[in-house]
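Q: I'd like to ask some things about the structure below.
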């Protein structure tokens, strides 16, 4: 069974500090939903509010349509996977997994049976009598998941559970988490600052910054159609060109930047005279003069070869470089350091957004 | 309301004041992490915790102390007259430390004993610090793991031999027929045994010996957590060993030094065993005088007054130590 | 390097001197326990004897005192370990403005001379049991309680507990600060109530600290003199009997007692050392196994989950 989670104007304040400001959100039942944002953006606060460890200062948290006010963490149909897993070190693996059943007053035989089922699910059959300290990092991870699933929650909350693993294992666990979610069919709410994790696993993503939800959409939309300057600069690489809108229509806008007039799409309907930032992804740049589209020119500061692609850094307007990525077999000569490079991008790939806070590098 | 009743009500008033403040704050300031006490502990455990802590802080600590202080401000009366009209508040017990109630002269004996006790306790504290510091440093920084384990074992075993027996062992060494006098006379250095106990040497040694390890453990704990690299770095920079100690180790070990000194001073000043069993007939020790007021003179109010003065001296010493070393109480007592 | 070497030799010599100071008197006393003369003497060693142990065994007062000491010790453990535990938990939950005062009150017995604790205990409880004016004349304890509770053993337990509980508090708090709050939250999140968290997660975690608090509490109680000598009233504990004996004179039987106590603490220290080594060995074995599991995971390919309908 799975339940949706609704946040209705949730605000959480610690003294004078507002950790989450007026969050409105409807997470659908059975969805793999991620909160993505830099550390300190309030995503963990949201998770702890949903799980019941924090009381919102204003607003409501609803799970399966039911208001959770006054319901403690131990009475909510949620289970939380902690960042450090928080396995009980003095209990065996089986005891860990069956702990939720123990406090529900289930008898020993049932607990044992259920623990064995879950051990099979996480491919640790026959290892139930080990102590947690005997397990590897990946095994601990799986035990934590099994322990949370044992109580048959309607919503599983995950607080950056992969951050302690090494890269290879982390990538494997992404697939694993996704497939577990699809098998058990419950709602997963996943907290991460790693956009790779969010983009590969999630049905939808909420991008957060400074306690505010900037955008909620699926991964592709967040990447291709960011709604704010923060989202555009935080998710994936992006080259910002700040300036003033000089000409605007319904679909297109021209921004007057340090590199001259640059053209891009205008989804937010900016008007001439508005302060704006034009974003162009590194992979959207092509070398040479383009027939259609916008062309710009700048000296090459640095070139970095990375196997399947090459990064070229051009001298940008302020201190920031312009980055472009050149694929391996696109033809043409990759410019060298010191040369002047001419690049262009198709107009549809430039994006004009209102000026706003950017993600810190 | 009698002064005794007032003093007993005092802690309850303080608790009530804090409770009101807490209620007010909970009502005006929203704290997202807040869970009520009963929510967090449950009824049974919650009541158990409160009962235990109240029993301790009120009935074992605060009320007895306060009650003793009040007692010291009352005259000495036979039981039948207590709580009667003659049972008024008075300063006479404190005055008696300065002016003897018998002959109205300066009470030089007790005054001398009071300051003697403080001076000797301070000296013993300093002595023990000097004795323990090198070993604590060796164990914490220079020794190998095996060595430290063995030394630790060597420290813990005598730690649990009680004060009386330790005093007894010193007495066996220093008595007229003791090993040291035997040795001195055997070597022909003296003809007659030296009266170590009569000239207070025994008491000094006993005080130092009894509190040696009290100094040792806090010092060791403090120096142990110092990063070895800091000492290495100082050595690389060419600092001589005494400078390393003066500039690196001792400043770092300050909480441990403060803690050890505080405890040793308190235990030495409050010591009964060493002055009673290792002192001569003329030894004056303030704690022993307090003891006599209770067991020989049966003058409880005056004994209470003297005990309170002893406590005040200890508190003053603690404050001075903390101020001198710029250490917080929480750092010194761990 | 030569100066460093000289320094090390000097330090070694110093350590040697320190332990001579520490153990010398005890060894000298220990020898007298086995020497025949009735005045405790070390040299000349006139003949080996165990008579002093027999004398000690037949010392009626000391046996009674020992019995009282054990009862008081057990009472102090039973009272002060729970108090220390409760206080360490309250310390984290108490109203933040009151925490400083609470801390001061709880550690103040450690900064108070034992005689002051003993005196205040006796004065307070004597009036609590006896006085008719006590606490506004309403709340005085009924007369029969005096016969039951106004006893040296009870007062000694109360007086000693006041500072022993502070030791327990510090020991337990040191471990409590290392407690991972996520453990508590994990248990809550899985549906445990707060009391269940206490019994299932917190208490097992604190167990080593509770055990050492118990041992320290018993030993501190057992060897206490300054507080007990007042609080024990007309009764006797082993240490007060001992003090009386030392005051009266010297007999090798006291040395014999010291030998026994040293023997016990040596035994205790060795047992402790053995247990600690065993624990360390088990911990390192666990670590080794986790390391092997880690290696198996990365080299033998990642696991293939069995298909189970959940």
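Q: Of the beta bridges DSSP finds with both residues in chain A, what % are antiparallel, to the nearest 5?
A: Just about 75 percent of them are antiparallel.
Q: Given R₀ = 51 Å, what would the calculated FRET efficiency be for residue A:166 paired with residue A:357, taking r from the Cβ atoms and rounding to 0.05?
A: Using R0 = 51 Å, I get an efficiency of 0.95.
Q: Within 10 Å of each Cβ in peptide A:132-141, how many partner chain Cβ atoms are there on average? Round it to a whole number, please.
A: Values: counts 2, 7, 9, 6, 10, 4, 6, 6, 2, 0.
Mean shielding by partner chains, rounded to a whole number: 5.
Q: Under the rule a/c < 1.5 gives rounded, and otherwise a/b versus b/c splits prolate from oblate, where does segment B:3-72 land using the Cα gyration tensor?
A: In terms of gyration-tensor shape, oblate.
Q: Send over the per residue convex hull volume for the protein assembly as shown, Cα only, as a whole number of Å³.
A: Spelled out: Cα convex hull of the protein assembly as shown, divided by residues, is 253 Å³.
Q: In peptide B:170-178, what is the residue-averaged number of other protein chain Cβ atoms found within 10 Å of each Cβ?
A: Average per residue, whole number: 5.
Q: Among DSSP bridges having both ends in the protein assembly as shown, what percentage is antiparallel? Round to the nearest 5.
A: Around 75 percent antiparallel, to the nearest 5.
Q: Between residue A:75 and residue A:26, 0.36 nm times their residue separation minus their Cα-Cα distance comes to what?
A: 15.5 nm
Q: Give the separation of the Cα centroids, segment C:52-73 to segment B:1-69, in Å.
A: 42 Å
Q: Sticking with this structure for a sec: Hey, with R₀ at 22 Å, roughly what FRET efficiency would residue B:24 and residue A:16 work out to, going by the Cβ-Cβ distance, to 0.05? Let's see the in-between values first.
A: Details: r = 19 Å, r/R0 = 0.86.
Plugging the Cβ-Cβ distance into 1/(1 + (r/R0)^6) gives 0.70.
Q: Output the relative contact order of chain A, whole-number percent, from Cα pairs under 8 angstrom with separation of 6+ residues.
A: RCO, chain A: 16 percent.
Q: For the pair residue A:283/residue B:224, report the inter-label distance in nm, with labels modelled 7 Å from Cα in the Cβ direction.
A: 5.6 nm
Q: Would you mind putting A:321-328, A:305-312 in packing order, based on average other-beta-carbon counts within 10 Å, highest first?
A: Values: A:321-328: 17.8, A:305-312: 13.4.
Answer by packing, highest mean first, reads A:321-328, A:305-312.
Q: Still on this structure, please answer the following. When the helix-only estimate is applied to chain C (DSSP H runs of n ≥ 4, each -39,500 (n - 2.57), divided by the residue count), what is the mean residue ellipticity at 222 nm, nearest 500 deg cm²/dmol?
A: The per-residue figure over chain C is -24500 deg cm²/dmol.
Q: Oh, and also: Which of the peptides A:165-177, C:8-20 is most tightly packed, and how do the rest follow, going by the mean number of other Cβ atoms within 10 Å of each residue? Write out the running numbers ahead of the final one.
A: Details: A:165-177: 16.5, C:8-20: 13.4.
Answer by packing, highest mean first, reads A:165-177, C:8-20.
Q: Multiply the residue separation of residue A:220 and residue A:304 by 0.36 nm, subtract the distance between their alpha-carbon atoms, and state the gained length in nm to one decimal.
A: Gain in length upon complete extension: 27.5 nm.
Q: Mean residue ellipticity at 222 nm from the helices of chain B, using -39,500 (n - 2.57) per DSSP H segment of n ≥ 4 over the full residue count, to the nearest 500 deg cm²/dmol?
A: Computed ellipticity for chain B at 222 nm equals -21000 deg cm²/dmol.
Q: Would segment A:109-162 count as rounded, prolate or oblate if I go by the C-alpha gyration tensor, calling it rounded below 1.5 in a/c and otherwise prolate when a/b exceeds b/c, oblate otherwise?
A: Oblate, since a/c reaches 1.5 and b/c is not below a/b.
Q: Can you give the helix-only mean residue ellipticity at 222 nm for chain A, where every DSSP H stretch with n ≥ 4 adds -39500 (n - 2.57) and the sum goes over all residues, rounded to the nearest 500 deg cm²/dmol?
A: Roughly -6500 deg cm²/dmol at 222 nm, from the helical runs in chain A.
Q: For a quick check: sort C:173, B:266, A:106 by the number of other beta carbons within 10 angstrom, fewest at the front.
A: The order, fewest Cβ neighbours first, is A:106, C:173, B:266.
Q: Also: Once all Cα-Cα distances of chain A are split into 10 Å bins that start at 0, what whole-number percent is in each one?
A: 5, 21, 25, 21, 15, 9, 3, 0
Q: Is segment B:108-332 best put as rounded, prolate or oblate by its Cα gyration tensor, with a ≥ b ≥ c the root eigenvalues, rounded for a/c under 1.5, and otherwise prolate when a/b is larger than b/c, oblate when not?
A: oblate
Q: Is there a simple number for the mean count of other chain Cβ atoms within 10 Å of the Cβ of residues in C:90-99, and what is it?
A: Details: counts 9, 1, 1, 7, 4, 8, 2, 4, 7, 0.
Averaged over the peptide's residues, the number is 4.
Q: Mind listing the Cα extents of segment C:60-249 along all three principal axes, in Å, largest one first?
A: Here the spans come out as 63, 44, 29 Å, largest first.
Q: Got a sec? How would B:36, C:38, A:2, B:2 order by Cβ neighbour count within 10 Å, fewest to most? Before the final figure, lay out the partial values.
A: Numbers: B:36 10, C:38 13, A:2 19, B:2 16.
Sorted ascending by nearby Cβ count, the order is B:36, C:38, B:2, A:2.
Q: Now for a separate question. Cβ neighbours within 10 Å, averaged per peptide: list C:248-256, C:230-238 in order, most packed at the top.
A: Peptide ranking by packing, descending: C:230-238, C:248-256.
The numbers here are math on the coordinates, done by the rules we state, and not lab data. Small disclaimer: the values here were computed from a predicted structure and weren't measured. With ideal geometry, Cβ positions are generated from the backbone for all residues, glycine too; neighbour counts draw on all protein chains shown.
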